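The values are calculated or read from the model by the stated rules, or taken from the named source; none is laboratory data. Computed from a predicted structure; not experimentally measured. Cβ placement follows ideal geometry from the backbone for every residue including glycine, while neighbour counts extend to all protein chains displayed.
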Amino acid sequence: MHTEWLIAPLAQWRADAILFYAFEGAAQHLPGVQRWLREQPSWATQLNPLKDFTGKLQETAVYYGSPGQLIPRVLCVGLGPAESLDLEKLRTATADLLRKCRELHISRPAIPLMAFDGLSLEADSTFREAIIGAISGLYRYEVLKTREESQTALPEVLLILNESAPTEGSARALEDASATAAGIALARDLVTAPSNRATPAFLVQTARELAERYRFEIQVIDLEGARKLGMGLFAAVAQGSQEPAYLIVLEHRPAGTENDQPLLFAGKGITFDTGGISIKPSNKMEAMKHDMAGAGAVLGAFKIIGETGLNKRIVGILPCTENMPDGKAYKPGDVLRSMAGLTVEVISTDAEGRLILGDALAFALRYQPLAIVDIATLTGACIVALGDRVGAVMGNNENLTRRIQEIGMRVGDRLWPLPLWDFYFEDIKSDVADFKNVGGRKGGAIIGGIFLKQFVPDALPWAHIDIAGPAWTEKDLSASPKGATGFGVRLLAELATDWS
Ligand code: BES
Ligand code: MN
Ligand code: ZN
């Protein structure tokens, strides 16, 4: 489904359905509905009062007009009480509206800009968020479906109705919404794709396509190259896999920013995590195809950055490999030498994410970044701590972590801070190496963070985002259908935009 402006006098609007919002318990319609009804006398009696429809959040209602009308249906969705409206609820409600359209086989639904009047949120961002919800809620991964009947047709186009040409702000809002939804969809596609499709080589190909399309710089380092750079941690994880491993460096460097210090994103790209020799139980192991969601989030953010044409230097580093048990695989007890020169004792080969990211962080320092943000499905412990709808943010700079959390709340990627006090390091002290890759069971998400912290100078602002929970949803969440969520895509893109 794409979006399209339809600019015409109100009486000439034509669509398969017009979409509106309603507040719960409101005495009257929203101003946009009122205006539309004034010019549609035949509808006025029907929509007034909104009979069985109470306007509860996500409640939808369909009204049918008489034959021959230019707009034969009205679809309404509840926003809940006016006082508690926020952008998240708006995205959710709009997603439900469009899903209702899909269910009813409505091919050309239309939403008038005036539907957003009276929502008491900033106009352009209200419009933008609604459209992001509309598109994202219809997401489905159908690449591997071959049977016709399994594919319900989507609406063909979502028309945006207005009487006059859109203001620069609303035109921009629609463009941003499409770009954002496309970035989220890319990440969802990559994370959903099984590991025999989304291999490290596939991620390389995806990054190359982005680089080609948006004029990013790209550098791909293979296992041999990684070894030469001294990446003993990344190489150890990769050595048990038959799939070639790659470290991808993607760089947005618009003219004039060549000498600027970049903002740097690092994303965990484990395309399948068996646990290695410390093998995971087979039950639900298939879920570990999503262990590259950090890399997916960075690629999705780069798509948004490419689409919107940000004028800042941004670098993405994606270590990509499988984690497999094998005759050649690395083993518990092995001591590895990292690119940073630090030695690491492997206690569990299943704590592989921090290993590949440790080398990625050391490599990142070459770019003299202003700040580093890494994002990873790092620990099951993070899900135990915060549940599966919230990620954890931690780091060495409170300003940075606070800012990331605030942006996350704004875009719907919920994060909660965890501390990285120095004493946590005691848990990963090793008898034979500088430190080990696992502590006990206590504070598992924090231990992952403390491990990564060893690879970043204290003076360089760095944040680590653990998305083990929210990268995937078992529940259908309206704007985020069951499966890969694209969590972190908007967060990173918005952080890049917001960055000064
Ligand atoms: N990829 C997993 C973490 C994970 C678990 C992500 C569940 C998504 C859902 C990670 O590589 C891992 O296995 N972590 C271990 C760390 C432990 C060995 C310290 C874990 O969480 O059990
Ligand atoms: Mn693991
Ligand atoms: Zn993992």
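Which residues, counting only those in region 222-267, are in contact with a strand residue (DSSP E or B) (Cβ under 9 Å, 6 or more places away or on another chain), of a type in the set (A, V, I, L, M), part of a loop (DSSP other than H, G, I, E, B) and farther than 20 Å from residue 324 by Cβ?
Passing the criteria: only 229.
Going through 439, 408 one at a time, which residue ends up being surrounded by 21 or more Cβ atoms within 10 Å (Cβ to Cβ), of a type in the set (Gly, Ala, Ser) and farther than 18 Å from residue 88 by Cα? If you could, list the steps in order and put the result at the bottom.
Details: 408 fails: farther than 18 Å from residue 88 by Cα.
Sole residue among the options that is surrounded by 21 or more Cβ atoms within 10 Å (Cβ to Cβ), of a type in the set (Gly, Ala, Ser) and farther than 18 Å from residue 88 by Cα: 439.
Has region 404-420 got any residue that is touching a His at 6+ places or on another chain (Cβ under 8 Å), of a type in the set (Gly, Ala, Ser) and either in contact (Cβ under 8 Å) with a residue 40 or more places away in the chain or part of a helix (DSSP H, G or I) (or both)?
Going residue by residue through region 404-420, those that are touching a His at 6+ places or on another chain (Cβ under 8 Å) are none.
Within region 404-420, none of the residues are touching a His at 6+ places or on another chain (Cβ under 8 Å), of a type in the set (Gly, Ala, Ser) and either in contact (Cβ under 8 Å) with a residue 40 or more places away in the chain or part of a helix (DSSP H, G or I) (or both).
How do the strands (runs of 3 or more DSSP E) wholly within region 299-370 filter down when requiring 2 or more residues that are touching a Phe, Trp or Tyr at 6+ places or on another chain (Cβ under 6 Å) and surrounded by 22 or more Cβ atoms within 10 Å (Cβ to Cβ): which remain?
Values: elements: 314-323, 335-337, 343-345.
Per the criteria, 314-323.
Listed here are the residues, each with its yes/no results for (1) surrounded by fewer than 20 Cβ atoms within 10 Å (Cβ to Cβ); (2) at pLDDT 95 or above; (3) under 30 Å from residue 408 (Cα atoms); (4) within 29 Å of the chain's Cα centre (by Cα).
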{"position": "1", "(1), (2), (3), (4)": "yes, yes, yes, yes"}
{"position": "20", "(1), (2), (3), (4)": "no, yes, yes, yes"}
{"position": "29", "(1), (2), (3), (4)": "no, no, no, no"}
{"position": "67", "(1), (2), (3), (4)": "yes, no, no, no"}
{"position": "97", "(1), (2), (3), (4)": "no, yes, yes, yes"}
{"position": "108", "(1), (2), (3), (4)": "yes, yes, no, yes"}
{"position": "111", "(1), (2), (3), (4)": "no, yes, yes, yes"}
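Would you point out which residue out of 212, 217, 168 is surrounded by fewer than 17 Cβ atoms within 10 Å (Cβ to Cβ) and touching a Leu at 6+ places or on another chain (Cβ under 8 Å)? Reasoning before the result, please.
Numbers: 212 fails: touching a Leu at 6+ places or on another chain (Cβ under 8 Å); 168 fails: touching a Leu at 6+ places or on another chain (Cβ under 8 Å).
After ruling out the rest, the residue left standing is 217.
Among the residues of region 207-220, is any assigned to a loop (DSSP other than H, G, I, E, B), modelled with pLDDT of 95 or more and closer than 27 Å to residue 4 by Cα?
Here is the first cut: in region 207-220, the residues assigned to a loop (DSSP other than H, G, I, E, B) are 215-216.
Then drop every residue that is not modelled with pLDDT of 95 or more, which leaves 215-216.
If we keep only those that are closer than 27 Å to residue 4 by Cα too, we end up with 215.
Scanning region 207-220 turns up at least one residue that is assigned to a loop (DSSP other than H, G, I, E, B), modelled with pLDDT of 95 or more and closer than 27 Å to residue 4 by Cα.
Among (1) β-branched (Val, Ile, Thr); (2) out of contact with any helix residue (DSSP H, G or I) (no Cβ under 9 Å at 6 or more places or on another chain); (3) under 17 Å from residue 481 (Cβ atoms), where does residue 92 come up short?
(2)
All but one of (1) closer than 30 Å to residue 130 by Cα; (2) within 16 Å of ligand 2 (Cβ to nearest atom) hold for residue 404; state the number of the condition that does not hold.
So residue 404 meets the others, but not (2).
Checking residue 403 against (1) closer than 26 Å to residue 249 by Cα; (2) within 14 Å of ligand 1 (Cβ to nearest atom), which test does it fail?
(2)
Checking residue 26 against (1) out of contact with any Ser or Thr (no Cβ under 9 Å at 6 or more places or on another chain); (2) closer than 28 Å to residue 178 by Cα; (3) hydrophobic (A, V, I, L, M, F, W, C); (4) part of a loop (DSSP other than H, G, I, E, B): exactly one of these is not met. Which one?
(2)
Scan region 152-160 and tell me whether some residue there is without any contact (Cβ under 8 Å) to a residue 12 or more places away in the chain and either assigned to a helix (DSSP H, G or I) or of a type outside the set (A, V, I, L, M, F, W, C) (or both). Show your work before the answer.
The first filter runs over region 152-160 and keeps only residues without any contact (Cβ under 8 Å) to a residue 12 or more places away in the chain, leaving none.
No: region 152-160 contains no residue that is without any contact (Cβ under 8 Å) to a residue 12 or more places away in the chain and either assigned to a helix (DSSP H, G or I) or of a type outside the set (A, V, I, L, M, F, W, C) (or both).
Can residue 268 be described as within 16 Å of ligand 2 (Cβ to nearest atom), of a type in the set (D, E, K, R) and over 19 Å from residue 360 (Cα atoms)? Don't jump to the end; show me each part of the working.
Values: within 16 Å of ligand 2 (Cβ to nearest atom): yes; of a type in the set (D, E, K, R): yes; over 19 Å from residue 360 (Cα atoms): no.
Judged against the criteria, residue 268 is not a match.
Being closer than 19 Å to residue 290 by Cα and touching a residue at least 24 places away in the same chain (Cβ under 8 Å) is true for just one of 371, 351, 360. Which residue is that? First the steps, then the outcome.
Working: 371 fails: closer than 19 Å to residue 290 by Cα; 360 fails: closer than 19 Å to residue 290 by Cα.
Matching residue, one of 371, 351, 360: 351.
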